[in-house]
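Novice: Can you read through this structure? Questions will come right after.
The values are calculated or read from the model by the stated rules, or taken from the named source; none is laboratory data. If you're wondering where the values come from, they're calculated on a predicted model, not measured in any experiment. Here the Cβ is made from the backbone with ideal geometry for all residues, glycine too, and neighbour counts use every protein chain on show.
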Amino acid sequence: MSVKPLHRAIKVRIYPNSEQSQKLSQVMGCARWWWNYALNLCNQTYKDTGKGLGRTALNSVLPQLKKAEETEWLGECYSQVLQSTTLNLTKAFKNFLLRPIRRGHLGAGGALF
């Protein structure tokens, strides 16, 4: 007789004060901006060279952006947040490119033709 593990979940709700809420908004805004910038950079590089950019190549762009005058506000965000965003973007590309393609099916919630 096998014993199944017991899984439990705990719901937690946080109530940030105004300072914490402002910092969360700033961090999420930086992550969103970096996602869009990196996505555009990947697409443009692929159009120009036929090759994509990996996580290391994208993360090497971050220090230059933090030093640039128009994007120096990225320096106020934790580097781990931006690196995590890069990881999520590269995983999304990998999953998209390696997904099984079936005739007339785009995946869960996709349109059928």
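Novice: Within the stretch 28-44, how many residues are without any contact (Cβ under 8 Å) to a residue 12 or more places away in the chain and among the aliphatic types (A, V, I, L, M)?
Specialist: 1
Novice: Quick check on the stretch 88-105. Is at least one of its residues part of a helix (DSSP H, G or I), at pLDDT 85 or above and of a type in the set (S, T, N, Q)?
Specialist: Looking for residues that are part of a helix (DSSP H, G or I), at pLDDT 85 or above and of a type in the set (S, T, N, Q), one finds at least one in the stretch 88-105, hence yes.
Novice: Something else now. Specify the residue that is surrounded by the most Cβ atoms within 10 Å (Cβ to Cβ); the eligible residues are those in the stretch 61-97 that are hydrophobic (A, V, I, L, M, F, W, C) and over 18 Å from residue 39 (Cβ atoms).
Specialist: For the stretch 61-97, the residue satisfying everything is 73.
Novice: Conditions first: (1) of a type outside the set (Lys, Arg); (2) in a loop (DSSP other than H, G, I, E, B); (3) at pLDDT 95 or above. Residue 12 passes all but one, so which condition is the exception?
Specialist: Only one criterion in (1) of a type outside the set (Lys, Arg); (2) in a loop (DSSP other than H, G, I, E, B); (3) at pLDDT 95 or above is unmet by residue 12, namely (3).
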